[in-house]
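> Could you have a look at this structure, given as structure tokens, before my questions?
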Amino acid sequence: MPVERHRAGGGRTPNAAARFFLIIVVAACVAVAGVLIVVQLAARGPAIDLGPGAANISPLERAGLSTYLTLRSADLMRPAGVDPAPIAFTVQPGDTATSVAGRLAAAGLVADADLLRYYMRYEGLDAGIEAGDFRLSATMTVAEIARALGDASAREAAVTIPEGWRLEQIADYLESRTDVPFGRDQFLAVTREAARASGQYSFLGDIPAGASLEGFLFPDTYRLAKEATASDLVARMLANFDAKAAPLRNDMIREGLTMYQALILASIVEREAAIGEERPLIASVYLNRRVISMKLDADPTVQYALGYQAEQGNWWKRGLTFDDLAFDSPYNTYLYPGLPPGPIASPGLDSIRAVVYPATSDFLYFRATCDGSGRHVFARTLEEQVANACN
């Protein structure tokens, strides 16, 4: 019996109909989505001008990010908060856009870390994050923060002033910093006008006429905005001194010292002490000498008097000679009894406290040990001091 065969083409009709129906459904969904996007954007407000996007992202990624960011355009232009106070934010070398966005969100500077990250990716800013210190604000938009992180001009300059530097050292350091908006001369001009600041701080009341602010510029790390002036930095250093050192003033008086006298001694201790724990003992030696009107014989005061050493490239001469010890200067405590005219450096809080709360001792001498450790050996008599000399 012959078998009736159907043509293969006869079975395509249902499949074609299904495909046509699917196309209609997809088109309808796209249309509905478009309407929803328009409605949503209209409700949210004006869209941000995203631009063409970074050249290093694929067309597919660009389209996806563009759609997402367009939907979130209002959020891109909405700050995370209302407090305009600047907040210090540090980007470390090697930080990624993801890690930075997360920390910004944790700091309350952005409301949505992912939104910031996607915006940076779209604009190509994720690869250009600058390491450094920035001054940001919760009133900045996501777009503004993203662009600030790639803008070197938005960075703060973090300057660290170590204990024991004299004014000129600080000035030279500031001059060497290309990110500090003022230089050596401006800084020295401000610091040599102590009388101008004396009305603001009572601790400057007993500074001699014509004295500088040597010793009062508290060593610490300070963050400077790009528009900062030398006066701004000096004001912050004095305020720091007022907060940390000035409260010891009453205890200084109980020790028979004015603030200025205590600061002079503390600056000498700062330059002498290489080992922190020795500070109170070194301070006791100078205070004991002062009680019996014995010359201080402090090497750092001679170094201060000698000034900059071009051949050594520093402000503190290494290896003092007998000729150096005979250098005629009121700061030379080998020649002149009592305290030098003023501080010789900026002492840290530990050195100031060492003078206010010295060790109880009857030592009158000390010298460096012979092992190069920076430690000192102390003596009560000149004979003991001579016996402690290195062979």
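Each reported figure results from applying straightforward, stated rules to the coordinates on display, with no laboratory input. Predicted, not measured: the structure shown is a model, and the values here were computed from it. Ideal geometry is used to build each Cβ from the backbone, glycine not excepted, and the neighbour counts take in all protein chains shown.
> Going by Cα centres, region 90-110 and region 263-318 are how many Å apart?
A separation of 45 Å, based on Cα centres.
> Now, a different point. Against the globular-protein guess of 2.2 N^0.38 Å, express the Cα radius of gyration of region 75-150 as a ratio, rounded to two decimals.
Region 75-150 yields a ratio of 0.95.
> While we're looking at this one, here's another question. Which value in nm describes the separation of the simple spin-label points at ALA189 and THR221, placed 7 Å from the Cα toward the beta carbon?
3.1 nm
> Also, I was wondering about something else. Which semi-axis lengths, in whole Å and largest first, follow from the square roots of five times the eigenvalues of the Cα gyration tensor of region 249-391?
22, 19, 15
> Something else about it: Mind checking the dipole of the chain: about its Cα centre, +1 per Lys or Arg Cβ, -1 per Asp or Glu Cβ, Debye to the nearest 20?
The dipole magnitude comes to about 1780 debye.
> Here's something else I'd like to know. Regarding region 151-307, what whole-number volume in Å³ per residue does the convex hull of its Cα atoms give?
So the per-residue hull volume is 131 Å³.
> Quick one: Kirkwood hydrodynamic radius for the chain, alpha-carbon pairs, angstrom, one decimal?
26.6 Å
> Sticking with this structure for a sec: Rg/Rh for region 157-244: what does it come to with C-alpha atoms and Rh from Kirkwood?
Rg/Rh: 0.94.
> Add -39500 (n - 2.57) for each DSSP H run of 4 or more in the chain, then divide by its residues: what number comes out at 222 nm, to the nearest 500 deg cm²/dmol?
Calculated mean residue ellipticity at 222 nm is -13000 deg cm²/dmol.
> To the nearest 20 debye, what is the magnitude of the charge dipole of region 249-391 about its Cα centre, counting +1 on the Cβ of each Lys and Arg and -1 on the Cβ of each Asp and Glu?
Here region 249-391 has a charge dipole of around 340 debye.
> Find which of GLY256, LEU335, VAL386 sits farthest along the positive direction of the dipole of region 249-391, computed with +1 on the beta-carbon of Lys and Arg, -1 on that of Asp and Glu, about the Cα centre.
Farthest along the dipole direction, towards plus: GLY256.
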